[in-house]
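Here, each number is a calculation from the coordinates, and none is a lab measurement. Predicted model only: the values in this text are computed from it and were never measured. All Cβ positions, glycine included, derive from the backbone under ideal geometry; neighbour counts span all protein chains shown.
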Number of protein chains: 2
Amino acid sequence: MKVLIISADNFEDSELLVPMYRMLEEGYEVYIASIEKGIIIGKKGYEVQPDLALHEVDPSAYDVLILPGGKAPAVIRQNTRALEIARHFMETDKPIGAICHGPQILISAGVMKGRHATCYRLVAEELKGAGAVYEDAEVVVDNNLVTSRIPSDLPYFMRAIMQVVKQ
Amino acid sequence: MKVLIISADNFEDSELLVPMYRMLEEGYEVYIASIEKGIIIGKKGYEVQPDLALHEVDPSAYDVLILPGGKAPAVIRQNTRALEIARHFMETDKPIGAICHGPQILISAGVMKGRHATCYRLVAEELKGAGAVYEDAEVVVDNNLVTSRIPSDLPYFMRAIMQVVKQ
């Protein structure tokens with residue numbers, strides 16, 4: 001099982017690290033992709049070395065997509081390659097986990113119309129504006145799409161992602 | 001399943017948060033105990049609200065003990081109640097996970113003689129001095145005792161802990 005995590009500087013540290021370590025615990029291969037290959041630094045100061053720049057990613061090679069939150073999605077959503085990758089996962093119904101500001105990337109990819117989802121409180125209006133059915137819950141599962149709101153939702157988020165991945 | 005995490009200010013954030021979220025994902029109850037009940041703050045700035053002060057802990061009520069690293073163990077190891085709790089877990093062969101500087105608490109509790117273990121590099125000499133058989137590995141499992149060295153060992157640490165807990 002190959003997992004792709006897309007993020008950038010100012011990621012919410014726990015929202016990247018917890019899924020990364022959880023997937024590695026499970027024995028999955030985890031790949032981090034960012035704008036460029038240089039080290040990215042989280043809001044709290046954790047450093048992560050990307051494996052790939054976004055332009056190098058072949059999304060058909062990955063089984064799961066994780067979109068952590070923080071301030072990174074505001075940058076990632078402006079990257080056309082990131083949006084193409086997100087569309088590939090949605091069109092092929094492969095598991096996607098997006099938390100906090102992570103769903104902003106899916107909004108910009110134009111794939112949220114009619115989908116049930118949650119996100120960080122301040123992103124909710126934007127999510128509704130993109131045609132999604134917003135729910136205020138620890139986790140919302142809509143077929144392949146798993147979304148959560150904040151770091152303390154991570155246990156619910158990871159439990160749901162592992163269930164969707166193993167279906 | 002009831003999990004007890006003992007830590008204090010300047011904990012290594014990921015070494016507390018990753019086990020906490022992982023255990024909650026599994027459906028276990030997680031309790032944080034510290035010197036006092038006030039909020040504790042990690043080295044990177046994450047805030048955690050303890051459920052209990054150490055003097056309130058009845059160790060027989062818990063099934064798993066987790067000792068995260070960072071600078072917290074240097075303080076915790078001076079707390080006689082913390083050492084009594086650690087001894088209870090060792091004497092009753094209940095699962096203990098200690099990572100990074102976490103094993104310092106077990107050293108002060110006087111329970112490492114003859115036990116196979118690992119720890120943060122700079123703690124290794126002290127661990128050997130306490131009579132332990134030190135190994136430089138991602139994780140060392142010695143019956144009920146699971147130890148690791150650094151945050152990037154967390155996938156191995158959590159995989160081993162979950163196996164020991166489920167035995």
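What's the longest uninterrupted piece of chain A once you rule out the trypsin sites (Lys or Arg not before Pro) that are loop residues per DSSP with at most 16 other Cβ within 10 Å?
A:114-167
Using a 7 Å offset from Cα along the direction of the beta-carbon, what are the separations from B:Asp93 to the same position in each other copy, nm, ascending?
4.9
Would you please give the residues with an amide H less than 5 Å from that of A:Ile150, counting only those at least 5 places away or on a separate chain, with H modeled from the backbone geometry?
A:Cys100
Longer than 28 Å from Cα to Cα, which of A:Lys71/A:Lys128; A:Lys94/B:Lys43; A:Lys128/B:Lys2; A:Lys37/B:Lys44 are they? Say none if no pair is.
Violating the 28 Å limit, Cα to Cα: A:Lys94/B:Lys43; A:Lys128/B:Lys2.
Tell me, how many Å apart are the Cα centres for region A:122-167 and for region A:2-37?
If we compute the Cα centre of each part, the gap is 17 Å.
What percent of all Cα-Cα pairs in chain B falls in each 10 Å bin, counting up from 0?
Per 10 Å bin, starting at 0, the Cα pair percentages come out as 12, 46, 37, 5.
Got the B:Tyr31 label distances to the other copies yet, label 7 Å along Cα→Cβ, in nm, shortest first?
Spacings between copies for this position, smallest first, are 4.5 nm.
For A:Arg149, what is the net charge nearby, where nearby means another residue's Cβ is under 11 Å from its Cβ and Lys, Arg count +1, Asp, Glu -1?
With Lys, Arg at +1 and Asp, Glu at -1, the net is -4.
Run the quick spin-label model on A:Glu84 and B:Lys37: label points 7 Å from Cα toward the beta carbon, then report their separation in nm to one decimal.
That separation, rounded to one decimal, is 5.7 nm.
Which FRET efficiency value, to the nearest 0.05, do you get for B:Glu91 and A:Asn143 by plugging their Cβ-Cβ distance into 1/(1 + (r/R0)^6) with R0 = 56 Å?
Plugging the Cβ-Cβ distance into 1/(1 + (r/R0)^6) gives 0.65.
Quick check on the exposure proxy: order A:Thr118, B:Thr92 from fewest to most C-beta atoms within 10 angstrom.
The order, fewest Cβ neighbours first, is B:Thr92, A:Thr118.
Output, in nm with one decimal and in ascending order, the distances from the A:Glu138 label point to the matching label points of the other copies (7 Å from Cα along Cα-to-Cβ).
2.8
Would you report the distance distribution of C-alpha pairs in the protein assembly as shown as whole percents per 20 angstrom bin, up to the bin with the largest distance?
33, 52, 15, 0
Limiting things to C-alpha atoms, what are the Rg and the maximum Cα-Cα separation (Dmax) for region A:1-97, in angstroms?
Looking at region A:1-97, its Cα Rg and Dmax stand at 12.1, 35 Å.
Taking a quarter of the surface of the convex hull around the Cα atoms of region A:92-142, what do you get in nm²?
3.2 nm²
Can you tell me how much longer the chain between B:Glu135 and B:Glu47 gets when fully stretched, taken as 0.36 nm per residue apart minus their C-alpha distance, in nm with one decimal?
Difference between extended and current length: 28.4 nm.
Can you say what percent of the DSSP beta bridges in chain B, counting only those with both residues inside, are antiparallel? Round to 5.
Within chain B, antiparallel bridges account for around 25 percent of the total.
If each residue's Cβ is checked for other Cβ atoms within 10 Å, how do B:Met23, A:Met162 rank with the fewest at the top?
If I rank by nearby Cβ atoms, fewest first, I get A:Met162, B:Met23.
Just from its helices, what would the mean residue ellipticity at 222 nm be for chain B, if runs of 4 or more DSSP H residues each count -39500 (n - 2.57) and the sum is divided by every residue, rounded to the nearest 500 deg cm²/dmol?
-9500 deg cm²/dmol
With respect to the axis carrying A onto B, what is the closest chain A residue by Cβ position, and how many angstrom separate it from the axis?
For the rotation taking chain A to chain B, the closest Cβ gives A:Lys44, 2.
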